[in-house]
Amino acid sequence: MKYWNELDSTGLFNRIFTEPISISVIDLISINLDLYKSIITIHFDLSDTSCDMFFKQLVRNNTCRCTVTCNQVASIIIGGIPTKNVANINIKNNEYNKLVSVDGGVFDINFACSDIKLMEPSLYTKH
């Protein structure tokens, strides 16, 4: 996958952004693991470099907080402890599931899941 717009539940996201937004660098806020339900939730801000001009004009010092919910996690590998928020994220489709990789340098998490949903984004001004 190349763009956040390709994920399920992107109706509001597609109304905010006039162009597809690349899946690349994020400002990681938190990663939550629900082992009972086999769900991983990732909260992050989109990097300013990934935002288009319409969004930058809409909100000064703009920030877009996003959440992705990854369902039916089949396998997971975690390395290190996050010490900074900037991370690269990559999502690939294979024949059976989606492969998610978040790499923050000293921290990384890799897992496979059956479904990824992008929750409604929220916009705010970052000081």
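Computed values, structure above
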{"quantity": "Net length gained if the chain between residue 65 and residue 41 were fully extended (0.36 nm per residue, minus Cα distance)", "calculated": "7.3 nm"}
{"quantity": "Under Karplus coefficients 6.51, -1.76 and 1.60, residue-wise ³J(HN,Hα) of the stretch 70-78 in Hz, glycine/proline x", "calculated": "10, 9, 6, 5, 9, 8, 8, 10, 10"}
{"quantity": "The chain: calculated mean residue ellipticity at 222 nm from DSSP helix runs of at least 4, using -39500 (n - 2.57)", "calculated": "-2000 deg cm²/dmol"}
{"quantity": "The stretch 1-43: translational diffusion in µm²/s, Stokes-Einstein, Kirkwood Rh over Cα pairs, 25 °C, 0.890 mPa s", "calculated": "201"}
{"quantity": "Compactness relative to 2.2 N^0.38 Å, alpha carbon Rg of the chain", "calculated": "1.03"}
{"quantity": "Efficiency of FRET from Cβ geometry, residue 94 and residue 19, R₀ 25 Å, rounded to 0.05", "calculated": "0.40"}
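Coordinate-derived values only; no laboratory data. Only a predicted model underlies this, so the values are computations on that prediction, with no experimental measurement involved. Cβ atoms come from the backbone with ideal geometry, glycine included; neighbour counts cover every protein chain shown.
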